[in-house]
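The values are calculated or read from the model by the stated rules, or taken from the named source; none is laboratory data. Please read these numbers as outputs of a predicted model, since none were measured by experiment. For neighbour counting, all protein chains shown are included, and Cβ atoms are generated from backbone atoms with ideal geometry for every residue, glycine included.
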Amino acid sequence: MHMLRLRTGVLATSLVIGLIAPATALAAEQWPQRPVRLIVPIGAGSGSDVAARQFAERLAERWKHPVVVENRPGADGLIGTIAFAGTRDDHTLLFSPAAPISVFPQVHEKLAYDPARDLVPITSATNTFVMLAASETLKIESLPQLIALARSHPGKLNWSSGGGALTYLLAGFVKSAGLDMVAVSYREQNLALQDLAAGRLQVMITVLAALLPSVQSGKAQLLAVTNDRRAPSAPEVSTVTELGYPELAFEGLWGFFGGRDTPTERRDRIAADVRSVATDSVLAERLAAIGQIARASTPVEFSAAIEAQRAKIASIVKLTGSKPMQ
C-alpha cells in the first residue's frame, strides 16, 4: 500500500512538471505580451534615432505590439544607459552603440550600472559610417595629405570628434603617428560642426550623416572612412585600411541590448526577429540615406564584436595615458 501511494505521488509530480514545462515554453514564445519600450541614448532626429525608429516600426508589425522609442540623450549616451539599467522591466530594450560596454568602463572611474550584468548583448543592427573630415580651408583631399600638413605645422591644427569611442580613436592615432595636433572638446557636436564649416576647427571625426551638410555645401572635405567598406553614399572616399592606416579602423556598431537576466530563449528570439527585418529593402534604402547599413547578427557575434572594440579602446587608453573620469 505504501509503495502504491509512493508511485502515485511520483506520477502526479511528473504530470505537474510535464504541464509546467510546456507552459513555461509557451510564455517565452508569447513575448511580448504588451508594448515594448526602446530606449535610445541620443536625441530625436539623429541618424541612429531614425534607424531605431525604422527597426521599431518593423518589429512592432512582427510582434503585434507597439514598440515605443524613448530618447534619453546626454553624456555621450551614459544617461540613457543608466536609465535603461535601472528600469528592470522585461519589456524594455536598449538600442545603443557598443560604448556602454566597450568604452565607458575604461574611461569612467565609477558607473551607476554593471556592464557585465545589466547589459545583455542581443544583436547588432546597423553599422554607422564614420568619417574623418577636414575644413575646406586646409585645401587637402586625403588622409596622407593631412598627416603631411600636421607634421609640417606642429601644434597648428586642432581636431574634435563626435564623442564616445571616436575621441579615443583619433587621439590614439595622433599619438601613434607622432603628430602634434590640439584636441578641442565641445559641449555639443553641432558647435564643432559649425566651427569646422567656418574653418575655426580644422579636423573632425564623426558619423557621415552629421558631416554631409558641410560637405555638400563645400565647407568640408571627407578624407577617409574608418569602416571596413566604403560608404555607398560616398564611394569615392577610401577606407583607412586601404590607405595603409588600419590602426584607425573602427566600426560604428549599434545594436539591441536586453536587461539583466534576459532569458536565453527571448534573447535568441529577438535576435532572429531583428535579423529578419534587417533584410527589408526599404529599410536598407532609408539607412543608406543616413549613412548606415543594416548589419544584424547572432548574440555570440555581437558579443565578440563588442569585445574586439573593448580591447582596441583599452590599448588606446593605455597608449594615451588617459585617466578615468570621476
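Can you spot a residue in the stretch 158-174 that is over 21 Å from the mean Cα position of the chain (by Cα) and farther than 13 Å from Thr320 by Cβ?
Checked against the condition, which is being over 21 Å from the mean Cα position of the chain (by Cα) and farther than 13 Å from Thr320 by Cβ, the stretch 158-174 yields at least one hit.
Can you tell me which residue within the stretch 286-304, out of those that are more than 21 Å from Gln54 (Cβ to Cβ) and of a type in the set (A, V, I, L, M, F, W, C), is farthest from the chain's Cα centre (by Cα)?
The extreme case among them is Val300.
Condition test on Leu283, is it farther than 20 Å from Pro41 by Cα, over 20 Å from the mean Cα position of the chain (by Cα) and in contact (Cβ under 8 Å) with a residue 60 or more places away in the chain?
No; evaluated as a whole, the condition is false for this residue.
Just to verify a result, which residue in the stretch 146-168, among those that are at pLDDT below 95 and of a type in the set (A, V, I, L, M, F, W, C), is nearest to Gly199 (Cα to Cα)?
Among them, the one singled out is Leu166.
Please enumerate the residues belonging to the stretch 135-162 that are closer than 23 Å to Ser217 by Cβ, small (Gly, Ala, Ser) and in a loop (DSSP other than H, G, I, E, B).
Those that are closer than 23 Å to Ser217 by Cβ, small (Gly, Ala, Ser) and in a loop (DSSP other than H, G, I, E, B): Ser142, Gly162.
Of the residues Arg267, Arg260, Arg230, only one is of a type in the set (D, E, K, R) and either touching a helix residue (DSSP H, G or I) at 6+ places or on another chain (Cβ under 6 Å) or outside any loop (DSSP other than H, G, I, E, B) (or both); which?
Going through Arg267, Arg260, Arg230 in turn, just one is of a type in the set (D, E, K, R) and either touching a helix residue (DSSP H, G or I) at 6+ places or on another chain (Cβ under 6 Å) or outside any loop (DSSP other than H, G, I, E, B) (or both): Arg267.
When the stretch 44-63 is examined, which residues are found to be part of a loop (DSSP other than H, G, I, E, B) and surrounded by 15 or more Cβ atoms within 10 Å (Cβ to Cβ)?
Within the stretch 44-63, the first condition is being part of a loop (DSSP other than H, G, I, E, B), and the residues that meet it are 44-46.
Residue satisfying the conditions is Ser46 alone.
Do you know which residues across the stretch 64-97 are within 24 Å of Arg187 (Cβ to Cβ) and in a loop (DSSP other than H, G, I, E, B)?
Arg72, Pro73, Gly74
Given the residues Ile293, Ile306, Ile316, which is the only one that is in contact with a Ser or Thr (Cβ under 9 Å, 6 or more places away or on another chain) and not in a helix (DSSP H, G or I)?
Just one listed residue meets the conditions, Ile293.
Evaluate the stretch 173-194: report whether one residue or more is closer than 27 Å to Leu94 by Cα and in contact (Cβ under 8 Å) with a residue 60 or more places away in the chain.
no
Assess whether Ala234 counts as being assigned by TED's automatic domain parsing to the domain that holds Gln194, buried (at least 18 other Cβ atoms within 10 Å of the Cβ) and among the small types (Gly, Ala, Ser).
no
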